[in-house]
1. Every residue in region 168-211 that is modelled with pLDDT of 95 or more, not β-branched (Val, Ile, Thr) and not in a helix (DSSP H, G or I), please.
2. I'm checking my understanding of the structure. Among residues of region 168-206 that are of a type in the set (Ser, Thr, Tyr) and in contact (Cβ under 8 Å) with a residue 60 or more places away in the chain, which one is surrounded by the fewest Cβ atoms within 10 Å (Cβ to Cβ)?
3. Quick check on Gly162: is it free of Cβ contacts under 8 Å to residues at least 24 places away in the same chain and out of contact with any helix residue (DSSP H, G or I) (no Cβ under 8 Å at 6 or more places or on another chain)?
4. Determine which single condition Pro287 fails, assuming it passes every other condition in (1) assigned to a loop (DSSP other than H, G, I, E, B); (2) surrounded by 19 or more Cβ atoms within 10 Å (Cβ to Cβ); (3) not charged (D, E, K, R).
5. Please go through (1) assigned by TED's automatic domain parsing to the domain that holds Ile64; (2) surrounded by fewer than 17 Cβ atoms within 10 Å (Cβ to Cβ); (3) at pLDDT 90 or above; (4) more than 19 Å from His70 (Cα to Cα) for Asp120 and return the number of the only condition it doesn't satisfy.
6. Return the pairs, sorted by first residue and then second, in which the second residue is at pLDDT below 80 and surrounded by 20 or more Cβ atoms within 10 Å (Cβ to Cβ), the first residue lies in region 20-40 and is of a type in the set (Gly, Ala, Ser), the beta carbons are less than 6 Å apart, and the residues are 6+ apart or on different chains.
7. Please verify whether region 156-167 includes one or more residues that are buried (at least 16 other Cβ atoms within 10 Å of the Cβ) and in a loop (DSSP other than H, G, I, E, B).
8. Would you be able to say whether some residue in region 54-77 is of a type outside the set (Phe, Trp, Tyr), at pLDDT 85 or above, assigned to a helix (DSSP H, G or I) and not assigned by TED's automatic domain parsing to the domain that holds Asn249?
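The values are calculated or read from the model by the stated rules, or taken from the named source; none is laboratory data. Quick caveat: nothing in here was measured; it's all calculated off a predicted structure. All Cβ positions, even for glycine, are placed from backbone atoms using ideal geometry, and neighbour counts span all protein chains on display.
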Amino acid sequence: MAQKIKLSTIADALGVSTATVSLALRDSPLVAGATRERIKEHARAIGYIYNRRAASLRTSRSGIVGVVVHDIMNPFFAEILRSIESELDRSRQTFILSNHYDQLEKQRTFIDTLLQLGADGVIMSPAIGTPAEDIIMAEENGLPAVLIARSVAGADVPVFRGDDAYGTALATNHLISLGHKRIAMVGGTDQTSTGRDRYQGYLNAMEAAGLEVKPSWRIPGPRTKQAGFEAAGQFLALKDKPTAACCWNDLVAIGLMNGIARAGLVPGVDISVTGYDDLEEAAIATPALTTVW
C-alpha cells in the first residue's frame, strides 16, 4: 500500500512549516507568491492532492458556494454566473452549479448535497413553488442563502433582482409612445414573482394610458426562443390582433420576431416588439431588439 503523503512531508522537503504548506495549498495571500508556487509545484510533483473537505473541518469553511438556477442555457444566467465566478475568484473560493429546471425536488436534493459538503452558502434563483420553509431550514443548518431574479414570500434573506414591474412598464410605455393601443404581453408565468411583477407592470402602463387589455392579449409560456416562436402563431391568429408585443424577456422576443418573419411580416415595421434583460443577442438581432435592463 502506498504511503500517505502528509503536509509534514512537503514541509520537511522544502524547509518550511506545515502551517505555511497548508496556507499555500489554500492559495492564502499570507504566503509569498514565490513560496506559494514552490510549495504547490512540489505537491504536484509528489502526487499530493489537497483535501478541501478535511481542511473545512478544521477551519469551519469549505471555500465552496452552491449556485442553483432554473436553466443555465438562458444567457441571462450565463452572464450572472460569469460575475459570480469572478467575485469568488477574488476570495479564492469555488462554486458548484446545478440546474433545477423548476423541479422543487431537484433543488432540495442539491441543497441537501451542499449541507453535506459543508458549503459556505448558496446563491439561488428559486424553483417555482419553493416554500419559505426550505430556505429557512437551510439557514438554520448553517447554509446562508441569497436569492437572485426571484423572491420567496416569507423568506427573510437578501434578494438581488430588478424592479420588474417598473421595467415592463417602461417597455409598454415605449410602445404606447409609438402610437400603439393594442399591445400584447407574451411569455412568462404567474407562478413566479418575476412573472407576476412583469405582467403587473404591463397592466399598470396600459391602465395609466386608458387602454383596454383583453384576456386574449396575455400569451403566457416558457421563457425561451422556441416558446416565443410558437407564440407567434397564436398572436397572429387573434381576432383583434395587437400591433405590438411586450415580451417577458429577450429570448421570447427574438423567438416571436422570428415567428413573425416566418409568417411573411416584418418585425419592427408590421408589429413592434420589446424584450427584457438586454442580452448581447438583442443588439445583433435583425432588426435590433428594443429591450430593458
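1. Answer for region 168-211, where residues must be modelled with pLDDT of 95 or more, not β-branched (Val, Ile, Thr) and not in a helix (DSSP H, G or I): Leu178, Gly179, His180, Lys181, Arg182, Ala184, Met185, Gly187, Ala209, Gly210, Leu211.
2. Here is the first cut: in region 168-206, the residues of a type in the set (Ser, Thr, Tyr) are 168, 172, 177, 189, 192-194, 199, 202.
Pick out the ones that are also in contact (Cβ under 8 Å) with a residue 60 or more places away in the chain and you get 168, 172, 189, 192.
Working: Thr168: 27, Thr172: 26, Thr189: 16, Thr192: 24.
Residue satisfying both the conditions and the ranking: Thr189.
3. On the way: free of Cβ contacts under 8 Å to residues at least 24 places away in the same chain: no; out of contact with any helix residue (DSSP H, G or I) (no Cβ under 8 Å at 6 or more places or on another chain): yes.
For Gly162, the condition - free of Cβ contacts under 8 Å to residues at least 24 places away in the same chain and out of contact with any helix residue (DSSP H, G or I) (no Cβ under 8 Å at 6 or more places or on another chain) - is not met.
4. (2)
5. Result: Asp120 passes all but (2).
6. Cβ pairs passing all conditions: Ala24/Val31.
7. Checking region 156-167: at least one residue is buried (at least 16 other Cβ atoms within 10 Å of the Cβ) and in a loop (DSSP other than H, G, I, E, B).
8. yes
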